[in-house]
Every structure is written in structure tokens, then in C-alpha cells.
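Scroll down for the structure; my scribbles are underneath it.
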Amino acid sequence: MNNALSFRRLRALCRKETLQILRDPSSNIIAFILPVLLLFIFGYGINLDSSAVHIGLVLEDTSPEARRFANNLYGSPYLQVTTGLNQKAMEQAMAAGQIRGFVVVPQDFSEKIKRPMETAPLQVIIDGSEPNTASFVQNNMRGVWNGWLLQRATEHGEKPATDITIESRFWFNPSAESRNYLIPGSITIIMTVIGTLLTSLVVAREWERGTMEALLASPVTRTELLLSKLIPYYILGIVSLFLCVGVSVVILKVPFRGSSLVLWGIGSLFLSSSLGMGLLISTLMRNQFNAAQAALNAAFLPALMLSGFVYEIRSMPEVIQAVTYLIPARYFVTAIQTIFQAGTVWPLLLSSGLFLLLSSVFFIGLTALKTRRRLE
Amino acid sequence: MSEALVTLETIQKIFPNAKKPALTNLSAELFPGRITGLVGPDGAGKTTLIRLIAGLLTPTAGTIRVTGLDPIQDATELHKTIGYMPQKFGLYEDLTVQENLELHADLRNVIGEDRKATFKRLLEFTDLSPFTTRLAGKLSGGMKQKLGLACTLLGTPRLLLLDEPGVGVDPISRRELWKMVHDLIDQGITVVWSTAYLDEAELCEEVLLMNEGQLLFYGKPEEMTNRIRNRSFQIRNPSGSRRQLLERALSHPKVMDGVIQGHHVRLVLRANSSPLDLLELDAGENAELIPVNPRFEDAFIEALGGGPGGDSVLAQRLQPIEGDDKTIIEAIELTKTFGTFTATDHVNFAVKRGEIFGLLGPNGAGKSTSFRMMCGLLSPSSGTARVLGIDLKKSASLARQQLGYMAQKFSLYGNLTVHQNLNFFSGVYGLKGHRQKMIVNDMIEIFKLQPFLHATPDTLPLGFKQRLALACAVMHEPPILFLDEPTSGVDPVTRREFWTHINGMVEKGVTVMVTTHFMDEAEYCDRIALVFRGKIIAAGTPDQLKSEIATPENPDPTMEDAFIALVQEQVHE
């Protein structure tokens, strides 16, 4: 029998760990209930799409030309138009957050448009406090304007000002629904919670209750101790991962285009990196409160803020962008979003996988170095 | 004589960032088939020493050999031959008895027929056979302790290290454990038993007596008690207040130490002192001075430089509390349930002014629950708790103004300094301005806290921590004192000093209610109630309880004998 690893001891420890997971209500909540809850929150509660943005319209000119333009605005599926009497009222409505922007069609609009040498003024005011929405409003407004120009030119039997028209298609997420990328992203958060928070808590609890001391005084080796924490929580994490995928696809109707096998592979790499970090934390902190604090700051918050799951990395300051390269969750978010929405894109998955592999080796290796078979 | 199993040579252990070494210059040898006691108060270095022997800590200096192995270099080999039971027994509480045993059997490679036979033997040995499917967390303290022992015995170790196995466990389980350990010694196993109970020292074959990292004594416990032979006496049937008698005795130059034992007073004389005449102490006409057997504790007190004097400066500055001896603390059918568990089950008692009333029982018996209801920190499920006629359910805060409360493990603020703690607690109890300043300064002077004013309580020696906790509880001069396990883990001299203050205050008319699991401490009480599994199984003066169970074979039973007999009576009923 190998001295550093006895199969019997490892099996006994894993069995103990499994029984503890099954009997401890808090582990069950973190592993099974919390993920489903998070999925539903991200699936139904949070929506980053700006479909049907409220805008205002002040129609000072009532000519047919102006009305036709107004009709085009009303007809846009992305805009919800409220008509107002004057500019003042619209300004107030925008300040109150009721509308995101407004269009003023001035009195001399149809007059000026008929004169070939003049340009017709059309005032568009947009609430810039939320830049994403602002650019969304701007783009849609421009679309309506172009549509109206085209329509007008055809009616007048003229050629449109330009031959080029832009027909855009959203690939990978054709309906551009944020749910389709938020949900795969939120699976990352769930994996982080299980991998880092749960493991760091259970190991810290062994220290607090004095059971670790009893284990250390038995013939258990360092390898067995580490593996007995890694294996059960790895299985728990993978079960939870596929539970999440199942809920996402079946209940939340998120399309899944990649291969489950590839997801399992990359999920395993991310999970081992998370578990490694969790074990490292609990090796350094020996009480549950400190371990939870550390896990929250070292794993959960970066996964939420810096992984590109909610906040786009390209719009972050460059320094922060550089930092995100060190966050394992970033690579898993990219990988899982790709697997869900685009399918198996090997170059991207391989580079993400390589980084996750490196970080797993780093965290587990460091934990192995820091694990002493002593109390100090 | 056979060869030593464990040799310790000039061991020193200094923890990083610690001011004082946890262990200094300790040398000893432990022999097979013997039980060696590591005896001393909290902070003596007992746990550190056990962990050093188990290879869980590295010594700063010195060498350790266990069965010829170096505990650090040869940890893997060593752990096959030792059994170690840490404090709190190291059990997985969400695993059943059987699962805990199986885990440890697998870890120690006990398999096949051997495994079956070992389980059978250990379950019989520990009487745990009927409980194999019960979760370890749901066992009583005594049963946990036995399961912990069974788990450490699985690999048939040569050396058994038990860290405070008897603490807080009921006296019956404690005696059973001793019996079990003696069986093991007959099989040739070496046992190390650490304890803060000095009476347990007398049961060991060899003792390492430790205090604050120093080895005070190493040898047979009889050698230690022989040092004070013919110096222990009991004053029987004194007239007048026995608390005042003790005060006079402790201030007498011939007396080194003294305690109250029910109606009697036990004294230890100083070395080479002439015989004591009871007239010197004004003990009354009927009083007799009877020689008694010396105790290990007496010798420990001498080694620490003798007990404190009999005067309590704290009590002297108190104004006497006037009033008749009417009932001022009362529990009527007091009950507290947590889910399906009844922690306190229809408890009744009444305490008169100027009395010391004690609740005595093992950990988990329901003492602290009753206690917290009496000071309004927990609300009873049914029944009434009254202090000074005030129903605590209705106006707890009004009653609490009249209380001084000293909680288990001294509830001090660890990150405030000593001075800030004093200021804070005096402020909480409504002291302010000049009076607050005066009282805080008095406390600093009485308890000699001046050198520690800017230190935090966590860095204080245990004795000073206890003084500070007492100071915080009595600054507002409450007529009633509630003390929850006030002296657990402190050295006997500090315990004496504490009781000197309490006795002095009681003489001034303060009423005291105290919980304890120290049988000896119960002797200070005027009346005690024995608490077991949530119920009061007996109540009365210490002498009444002891005489109730006296038999021709045991005419002079101890408090522990009384407790065991009364519990067994209860179980048989």
C-alpha cells in the first residue's frame, strides 16, 4: 500500500464528507436551493434589455409630413411614445425619469423641408445618465429617421440619398435577449459559491469544532486530507452545474448550442480552480467568519464585478481590464457563454481552459504547500 | 523498571507574538502502564504539552521522544501508535456513533474480523451498544466523552493522550471514565490525562503540576501531599458565622489557607507553625479542631506561595444592606423548552437576603438556562421568575438595575483596555461624573489593576481577568449578585481570593446566586440545589445533602458522593 495515499482512508474520509453534506441543511441550501433561486432572479428579475424605451414627442408642426414622421415613431417596436404639449413638460418628465428622451418637431419643420437649400431641424434630447440606454435611444431614433427619409423619397419618386442600407442581424443571440447571456454567466457565480465559499466554510468548521485536530493526530496524510475535500465538493459542484444547465434550458428556455461534454470539461477546470482557492482560504483562516469574509472578497465579488458577466470588460478602465485577466471567473464566463450561445468554438475554449488549468494548479499547489500536518 | 515511553528534555515552546513562553524548561519521562496527570489551571500549558507530544506543534527548544520517535520527523509512524482525544472530544456531531467509529477504524486500518471484534469490545466497554444509530451531537456529555475515547482506542494505541476529558462532565460519567482508563493501564497502555480538577491529580500515579508554563512539581502525588502532612485540620461545629470565622482564620499568621465546608471550616497551617488554639480564632465553646487528610490542592496552594488573606477590601467599602431576611429571589415552576428539548423543567427555589444559593450540576444540566431566566436574559416558557418581588417577564430592566452579573468566561470587551472596560460597565449601570471616577479608581486600587490599565483583557493573566470581571459586576453596588461558573479554570489561590470577596459582601447583606460544576465550590453555599437533566433532584444545605446519603461504610461522604448517590436514586425511581 502506498504510504502517502491509502484508498481505504480516502474512501472513509470522502464518505464522511458526503454524509455531512447530505445532513447539513446549510450545505444543501448553498448547493441546490441557492443556485435555482439565483437562476430565477437572473432569468426573470433582471433584464438588461432596453426594449420599449419611453420617449416623448412634442409635435409643434401638424402638417402631414410631420405626422408621418410621428407615425413612424409610434410604429417602432423599441420605443414607447408619449405625446406632450410643449417642451417644458417633456423636460420635466425626463428629469423625473418617466421618459429617456424626447423629440421636438418644430413649427417650421414642413416648411423648411420643402425648400431644397435648407436643412430641416429636428431636435432630439436624450437622457445621458445611463449611457447604454442613451445610445440605444439614439440608434433607434436614427433608424426611424432613416426609414422616414426612405419612405418619403419613394413617395416623391426620387432616388434615396444613398444606395446603401444597413440590415443588421444579431448573431449568437438573435433576439438580443440579455437573459441568454446573463443565465450562463450566473452559473459562474453559482460555481464560485459552491467551490470557494462552501469549501472554505466546511474546512474552517473542522478547525472550530476540533475535529481537524483529531484527524491530524491520526495516520491521515496531507494528500488524503486534500483529496477528501476536493472530490466530494467537485462532484457536488458538477451536479449543481448540470442542474443549473437543466433549469436554464428546460424552464428558462435559454438555447444551448454547445456540447455537454465540453461544458463538463471546462466546468471541471473552473471548479478545481475555485475549490483550490476555497481550500487555500480555509488553510489560512481557521474560523468560519473570517473564511466567509475572505471567500466573499477574493472569489464572489470579483466573479460578480470583474468577470464580464454583468459589466462589460471593454468598457472598464484599462487598469481594471488588466486585473480581469487574473480572475478565473472571467475565463469561465467567456467559455460558458460561448458554449451556450455559439457552440464549441475551440480556439476560445482552449485558451480559457489553459488559463483555468494554470490557476487550478496554482491554487491547489499553494494549498498543498501551505498544508501542514501540524497546528501551526 | 521498564524503559520510558515518552521522554521530554528541557522543552520550551514560545508561540509567535506571545510575550511569555507557553512552556519553559520542562523535563519528564512517562512510563508504560501508568497514568500521568498533567494538572494545572487554564493557561498552564497542558494542551500545548499534549500537542507537542502528539507531534501537532514543534517545540522551540528541547527534544521529545515518543516510543523512540521524533514527533515531528516521524509524525506518520508516530500517529499509528498514539490515540489523541482533543478537548471537545473531536467527534463529528452530524455522524452517528457507528459512523464515527467506522471512520476512525478505516483511518487506522482496522479491518475484517479484527474490526468486528474491536467494535463489539469497545461498544461494550463504553456501554454505547444501544446508541449506535444516534448522531454524536445528540449524545449527553458523558456519552460523547466515552465515544471520543472509543474512537481513539480503535488502533489499539500504546500511548493515549486525553486533553481535559473530565471537564464539565457529570461525576458519574467521570468515575466511569476513570474506571475505563484503569482497565487500559492494566493492558499496558500509557495514559496522559490533563485536568484542571486538582482532586483528579490524586488518582494519577504520577503528576506534572503546571502553572503559567512552569513545571511546579513532577512526581507521585503523595510526595506532594506529604509536604503538608499533619497541617490540615477541620474546625467542626463552630458557633457564630462561619464566614466571619474563616475571615479571622485566614488573617491569622499561623494559617496558610482555608475554605468553608458546609458548616465546618477547613484550614491548612503554615509550615513549622505551632499548634493552633481555637481560642485564638474565637470559634465558640463547642468547636473542635480535628486533623484531616491533606489534599493535593493544599500542596498546590503552598507551591503558589499560600492563600490570600481573609480581608476583602471590596466588601469593607460596601455599606451594609439593611433589611430582614425575606425571600428576594424566587423561581416558581420555572420551565424553558427549546423545541422538543426541555432545558429547565418545573424548577422551584427561593433565596433569602444575605444567602449564598448554588445551582450545582454538570454541563448541559440546565443551570445556565435557569440562571438566564432569573436575570431576565431569557424569557421562561412557563412559570415565574421574581427578583425583589419584580416579575422578570414584566419588567426585566427594572430588576436588572439591582443585579450584578458575572457571566461564564467573563464577558469583557477583549478589544477595549482594562480602564475602558471599567468606564464602560460603570456607565452602563448608570454611574457618572465624580462618583463614577471615584468608584473606578477604587476598583483599580482594590484589585491592583494599575499596571494593566492600558492592556486589553485578552492579554491579562487569568487571575486578573477574573478580578476585572468581578469589578465590572459590582461597581454599582448591587444588593444581588449572579455568578455563572465564576471560577472555572482559574488557579486555587485566585479562587480563594474570589470567595473571600464574595463572603465579605454576603456578610454585608448581599444576596448571591451562583452556578458551578465544582463540587468543592458548592460547599461555600448556604443552600444548594442539585440540577440534573433540567430538574432539581435535591436541595438543602450542603451538610443535609451529604448526611442524607451517609452510610456506615462511608460515614463522611463528599459532595461528589452525594451527587452521585442522589442521581442514581433518581434514575432508579
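Quickly run through the range A:87-102 and pick out the residues that are among the hydrophobic types (A, V, I, L, M, F, W, C) and under 20 Å from A:Met141 (Cβ atoms).
Correct list: A:Ala89, A:Met90, A:Ala93, A:Met94, A:Ala95, A:Ile99, A:Phe102.
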Revision key, fill the gap. Filtering the range B:247-305 down to residues that are acidic (Asp, Glu) and closer than 22 Å to B:Met210 by Cα yields B:Asp257, B:Glu297, B:Asp298, B:Glu302
Revision key, fill the gap. Among (1) surrounded by 14 or more Cβ atoms within 10 Å (Cβ to Cβ); (2) modelled with pLDDT of 85 or more, A:Lys112 falls short only on (2)
Check your understanding: So, in the range A:204-214, of the ones that are at the interface with chain B (Cβ under 8 Å from one of its Cβ atoms) and at pLDDT 90 or above, which residue ends up nearest to B:Asp106 (Cα to Cα)?
Key -> A:Ala214
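Looking only at the range B:279-300, which residues are of a type in the set (A, V, I, L, M) and either assigned by TED's automatic domain parsing to the domain that holds B:Cys204 or over 32 Å from the mean Cα position of the chain (by Cα) (or both)?
Hit for the range B:279-300 is B:Leu279, nothing else.
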Study note, to complete from the structure: Note: among B:Gly188, B:Gly240, just one is of a type in the set (Gly, Ala, Ser), part of a loop (DSSP other than H, G, I, E, B) and outside the structural domain of B:Pro32 (by TED's automatic domain parsing), namely B:Gly240
Check your understanding: Do we find that A:Tyr78 is over 30 Å from A:Ser228 (Cα atoms) and out of contact with any Phe, Trp or Tyr (no Cβ under 8 Å at 6 or more places or on another chain) in this structure?
Key -> no
Study note, to complete from the structure: Here, helices (runs of 4 or more DSSP H) confined to the range B:266-381 with at least 1 residues that are in contact with a Ser or Thr (Cβ under 7 Å, 6 or more places away or on another chain) are B:296-303, B:367-374
Exercise for review: Count, please, the residues in the range B:72-81 that happen to be more than 7 Å from every other protein chain (Cβ to nearest Cβ) and not polar (S, T, N, Q).
Suggested key: 4
Study note, to complete from the structure: Scanning the range A:215-257 for residues that are assigned to a loop (DSSP other than H, G, I, E, B) and either within 14 Å of chain B (Cβ to nearest Cβ) or crowded, with 19+ Cβ neighbours inside 10 Å (or both) gives A:Ala217, A:Ser218, A:Pro219, A:Val220, A:Thr221, A:Val254
Review point. Of the residues that sit in the range B:102-135 and are assigned to a helix (DSSP H, G or I), among the charged types (D, E, K, R) and more than 14 Å from every other protein chain (Cβ to nearest Cβ), which one is surrounded by the fewest Cβ atoms within 10 Å (Cβ to Cβ)?
Key: B:Glu113
**Study point:** Residue that is nearest to the other protein chains (Cβ to nearest Cβ), among those in the range B:88-101 that are buried (at least 17 other Cβ atoms within 10 Å of the Cβ), in a helix (DSSP H, G or I) and touching a residue at least 12 places away in the same chain (Cβ under 8 Å)
**Key:** B:Gly90
Check your understanding: Do we have B:Gly534 as at positive phi and surrounded by 19 or more Cβ atoms within 10 Å (Cβ to Cβ) here?
Key -> yes
**Study point:** Which listed residue, of B:Ala4, B:Ala18, B:Ala28, is hydrophobic (A, V, I, L, M, F, W, C), away from every other protein chain (no Cβ under 14 Å), surrounded by fewer than 22 Cβ atoms within 10 Å (Cβ to Cβ) and not in a strand (DSSP E or B)
**Key:** B:Ala4
Exercise for review: Please note which helices (runs of 4 or more DSSP H) are completely contained in the range A:295-367 and include at least 3 residues that are in contact (Cβ under 8 Å) with a residue 24 or more places away in the chain and surrounded by 21 or more Cβ atoms within 10 Å (Cβ to Cβ).
Suggested key: A:328-341
Study note, to complete from the structure: Considering the range B:208-233, residues that are within 23 Å of the chain's Cα centre (by Cα) and of a type in the set (S, T, N, Q), and then whichever is surrounded by the fewest Cβ atoms within 10 Å (Cβ to Cβ), we arrive at B:Gln214
Revision key, fill the gap. Of the residues in the range A:1-27, those that are surrounded by 14 or more Cβ atoms within 10 Å (Cβ to Cβ) and more than 8 Å from chain B (Cβ to nearest Cβ) come to A:Leu10, A:Cys14, A:Glu17, A:Thr18, A:Ile21, A:Ser27
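The values are calculated or read from the model by the stated rules, or taken from the named source; none is laboratory data. What you see is a predicted model, and the numbers here were worked out from it, not measured in a lab. Quick reminder, even Gly has a Cβ in these numbers, built from the backbone with ideal geometry, and neighbours come from all protein chains shown.
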